[in-house]
Amino acid sequence: MEELAKEAGITVRTLRFYRERGLIPPPRREGRIAWYDDHHLARLRTIAGLLERGHTLNGIADLAATFESGRDVAEVLGLGEPTEETPVRLTPEQLADYFEGEVTPENLAAALDLGYLATDGDEIVHISRRLLEVSAELVREGVPLSTVLSSGRRVREHAEALAEIFVRVLHAHAKETEPAQLRPLARAVVDAELSMALDRRLRREDGTQPPRA
């Protein structure tokens, strides 16, 4: 414990306090010897980084509990099912940099529930680089992360319905078509329809097109 505290730049008393609060996992024990490793040091550095960003110890304890409640990465990423999305591995500090001031226990719990985030040891895995980057951009534009996540849940419901339409059509009329061929066709239809729907909606909002009866 003394060696770990020295390496982390804190006192043994502080380290004991963190351990009692559950901020770091227990050490591996061999008889009377308690072994701490690089994972404990990484967690202490994460705590220091979060404290520097203004998080309280109570908040950090909530974050730690939220991270540790995450599902297995393989489960969240679909157990190796085909996907065009690229997962991203992040430290808690990197995640905080993407969403400065918005990484709260509530938002983390929502992201874990959606399957956007999972935990893998001391790392966080985001299921999609594209979703990560567009979510961060929306937050930078002033949209609260909680709203981004709740909107993402609604979008997913519609996306599931769209996927069902395309799969049903494929199974009914083109059983020999490979899923890899379906993806670009389905994406092109959805992109075009969404683009036109946005045009119609924005024109109505601007008053350049009368609303439908």
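In the stretch 120-140, how many residues are of a type in the set (Val, Ile, Thr) and surrounded by fewer than 20 Cβ atoms within 10 Å (Cβ to Cβ)?
Matching residues across the stretch 120-140 total 3.
Grab the helices (runs of 4 or more DSSP H) fully contained in the stretch 1-114, keeping just those with 2 or more residues being surrounded by fewer than 19 Cβ atoms within 10 Å (Cβ to Cβ), at pLDDT below 85 and not assigned by the TED database to the domain that holds Glu178.
38-52, 57-68, 73-76, 105-114
Can you tell me which residues in the stretch 164-201 are among the aliphatic types (A, V, I, L, M) and at pLDDT 90 or above?
Ile165, Ala188, Val189, Val190, Ala192, Leu194, Met196, Ala197, Leu198
For residues that are touching a residue at least 40 places away in the same chain (Cβ under 8 Å) and assigned to a strand (DSSP E or B), scanning just the stretch 115-138, find the one that is nearest to Glu52 (Cα to Cα).
Per the stated criteria, the residue is Ile124.
Right, Gly142: free of Cβ contacts under 8 Å to residues at least 12 places away in the same chain and within 25 Å of Glu100 (Cβ to Cβ) or not?
yes
Just to be sure I understand, how many residues within the stretch 121-145 are under 12 Å from the mean Cα position of the chain (by Cα) and not aliphatic (A, V, I, L, M)?
Final tally of qualifying residues: 7.
The values are calculated or read from the model by the stated rules, or taken from the named source; none is laboratory data. As the structure is a computational prediction, the values presented were derived from the model and not from experiment. Cβ sites come from the backbone with ideal geometry, for glycine too, and all protein chains shown count toward neighbours.
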